[in-house]
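Chemist: This is the structure I have questions about; it appears just below.
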Amino acid sequence: TDLGEVLRRDPTHAQAALTRATVLSVMGRPHDAKPDCDVVVARAHPIVGATCHAALAGLVGKNGDGIALITAALQASPPPGLAAWALGTRGELHQRNGDVALAEADYRAALALAPGDGWTTAALADLLLDSARGPEVAALVGASDADNLVLRRALGRAATTGLSDADQAALDQD
């Protein structure tokens with residue numbers, strides 16, 4: 001792969017290592033991703049390495065360890081964009097632990113730093129839907145036309161009022 005070629009040429013390329021760690025994680029291979037997170041720790045901002053390892057910890061059932069890694073790294077006041085990503089990841093780990101209030105707080109803090117971030121908005125919308133708070137989803141998602149957010153807006157409305165013709169049409173397009 002092109003990513004593998006980049007890392008063969010430069011095994012310390014932090015962005016390529018982070019990308020490969022993410023891909024391996026999505027493929028269900030967190031243990032294979034660990035060496036790439038180690039490269040990220042050595043070559044990127046500390047919050048990036050901590051978040052990389054925290055995500056892996058969560059995939060092997062060590063959510064508390066991941067939360068602790070991110071919490072410690074956030075003490076160094078990372079740049080807002082990186083902090084938002086870390087907070088979103090920590091929110092996901094809290095949610096996996098069943099700590100809905102802490103997850104929501106992290107997602108909202110992430111969105112305060114990176115308004116309109118699609119991944120975090122979707123994660124918070126899912127948390128609200130899972131918590132039977134559908135009416136809050138439409139306000140959160142707003143008028144976004146991103147497919148993943150259109151779906152969540154429709155689900156939020158359906159949870160309280162049933163699907164409107166427009167929401168049904170949006171779902172039918174998929």
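Chemist: Mind checking which of 89, 121, 161 has the largest fluctuation in a GNM of the chain, springs on alpha carbons under 10 Å?
Modeler: 161
Chemist: Separate question: Tell me, what is the percent relative contact order of the chain, built from C-alpha pairs under 8 Å that lie six or more residues apart?
Modeler: On the way: 221 pairs, mean separation 19.2, N = 174.
Result for the chain is 11 percent.
Chemist: To continue, here is another question. Let me know the charge dipole size of segment 89-139 about its Cα centre in debye, to the nearest 20, where only the beta-carbon of Lys, Arg (+1) and Asp, Glu (-1) is charged.
Modeler: Working: 4 positive and 8 negative charges, 10 e Å.
Charge dipole of segment 89-139: 40 debye, to the nearest 20.
Chemist: Hey, another quick one. Mind jotting down the distance between the C-alpha centroids of segment 9-32 and segment 113-158, whole Å?
Modeler: 29 Å
Chemist: Still on this structure, I have one more. Roughly how many Å² of residue 65 are accessible to a 1.4 Å probe, to the nearest 10?
Modeler: 90 Å²
Chemist: So what is the calculated 222 nm ellipticity per residue for the chain, using -39500 (n - 2.57) for each DSSP H run with n of 4 or more, over all residues, to the nearest 500 deg cm²/dmol?
Modeler: Numbers: 11 runs with 137 residues, N = 174.
Mean residue ellipticity, 222 nm, calculated: -24500 deg cm²/dmol.
Chemist: Rounded to the nearest 10 degrees, what's the angle between the helix 100-113 long axis and the longest principal axis of the chain, both from Cα atoms, 0 to 90?
Modeler: It works out to around 80 degrees.
Chemist: Computed from these coordinates, which is Cα extents along the principal axes in Å: [x] 62, 40, 27; [y] 54, 35, 28; [z] 145, 35, 20?
Modeler: Given [x] 62, 40, 27; [y] 54, 35, 28; [z] 145, 35, 20, the calculated one carries the label [y].
Chemist: Between residue 108 and residue 22, what length in nm is gained on full extension when 0.36 nm per residue of separation is reduced by their alpha carbon distance?
Modeler: On the way: separation 86, 0.36 × 86 = 30.96 nm, distance 2.33 nm.
Gain on stretching residue 108 to residue 22: 28.6 nm.
Chemist: By how many degrees, between 0 and 90 and to the nearest 10, does the Cα long axis of helix 46-59 differ from the longest principal axis of the chain?
Modeler: 70 degrees
Chemist: Top mean-square fluctuation among 60, 41, 100, Gaussian network model of the chain, C-alpha springs under 10 Å?
Modeler: 60
The values are calculated or read from the model by the stated rules, or taken from the named source; none is laboratory data. Please read all numbers here as calculations on a predicted model, not as lab measurements. Cβ sites come from the backbone with ideal geometry, for glycine too, and all protein chains shown count toward neighbours. The area values use the complete protein model at the heavy-atom level, side chains included, leaving out ligands, DNA and RNA. Shrake-Rupley method; radii C 1.70, N 1.55, O 1.52, S 1.80 Å.
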